[in-house]
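This report refers to the structure that appears directly beneath it.
No value in this document is a laboratory result; all are computed from the given coordinates. Since this is a predicted model, take the numbers as computed values, not measurements. Here the Cβ positions follow ideal geometry from the backbone for every residue, glycine too, while neighbour counts run over all protein chains shown.
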Amino acid sequence: MIMQIGSRRCILNPVSGDGEHADYVPRLMEARGFEVYETQAAGDAVELGREAGRAEASEVAVCGGDGTVNEVVRGLNDAGHLDSVTLSVIPAGTANLLAGNIGVTDIQHGVEIADIGATRPVDVGVADEEPFLVSCIAGLPADASVSTPGDLKERFGTLAFLLTGAQEALRFDGLDITIAAVGEDGPFTWSGEATCLLVGNARKFVAEGGQANMEDGLLDVAIVEQMPTGNLVAEAIGQRLLALDTDGVTHVRADEITIAGHGKELTFSRDGELSTHETLSLSVRETTLTLRVGPGYEPDPV
């Protein structure tokens, strides 16, 4: 069978992480039948995703960080092609949370997975009609991501958000919010002041932390009400190890969530993409996206 020209595309961000991948990943991907398209400026990956969708590409590999993946997913969604493509991730960013949660360990592994990796149908989170794969957060972590200096992020990766998170906690006023959700146990409502709100699709923030179930049609929600002495919750968020019985943490799994800010706009970080909303609605498109995964991926993690 002759593969249609352009049916395999690789969208590469040459400045993600340390940028060294830009020298050799194009060669590796072209040898595997992928046409390589490089971004040149912020937002380019969205348009390249749209173009891939309009061209009805069967496979799209994204080489970059979580932000680049999010841009491509948004572009594919804009083109109405998200449910018709097979997506793969080559982790070349700083944190690479999605890749870590789906068993893709490094760039070389990502190239191999993009070519012949197993596929799984996974959920896509939606926030104000914009898709996300990893998480959507508000409060302390979102604000910390705004203020994390570029050189600190480059040196320390995910730890940079933890470091600035601890600093931000000392002057953060909290979120005055009401949350209404339809959860696995029925309707759920919570109202009050929270330090942060964590909504995960590929990522969970309670129990052992790490990968969430991406195929159950539910989002994992953690409401952190207060900052314990010593910024322990900032540390816990950074390590994704909030326990189910942690004081001041409410956990629910839901497929529909509405967050209202009581007259004040809230800053959300959706896979690293920042936006502000007075009210935000989240939902799940169950097993919408075909994703190539590594052998370490657990469809139903404990």
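Summary table
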{"item": "Chymotrypsin sites (Phe, Trp or Tyr not before Pro) within the range 14-62: DSSP coil, no more than 15 neighbouring Cβ in 10 Å", "result": "Y24"}
{"item": "Table column - 3J(HN,Hα) (Hz), the range 75-80, Karplus curve with 6.51, -1.76, 1.60, x for Gly and Pro", "result": "x, 4, 5, 4, 7, x"}
{"item": "Residue-wise HN-Hα coupling along the range 27-42, computed from phi with Karplus coefficients 6.51, -1.76, 1.60 (Hz; x: Gly, Pro)", "result": "5, 5, 6, 4, 5, 9, x, 9, 7, 9, 10, 9, 6, 10, 8, 4"}
{"item": "Cut-off 10 Å between beta-carbons: net charge of the residues surrounding V85, Lys and Arg +1, Asp and Glu -1", "result": "-2"}
{"item": "Three-way shape call for the range 82-137 based on the alpha-carbon gyration tensor, with the a/c threshold at 1.5", "result": "oblate"}
{"item": "Cα shape, the range 8-116, gyration tensor, a/c 1.5 rule", "result": "rounded"}
{"item": "S7 versus I116: modelled label distance in nm, points set 7 Å from Cα along the beta carbon direction", "result": "1.8"}
{"item": "Charge context of P121, other residues only, Cβ under 13 angstrom, K/R +1, D/E -1", "result": "-2"}
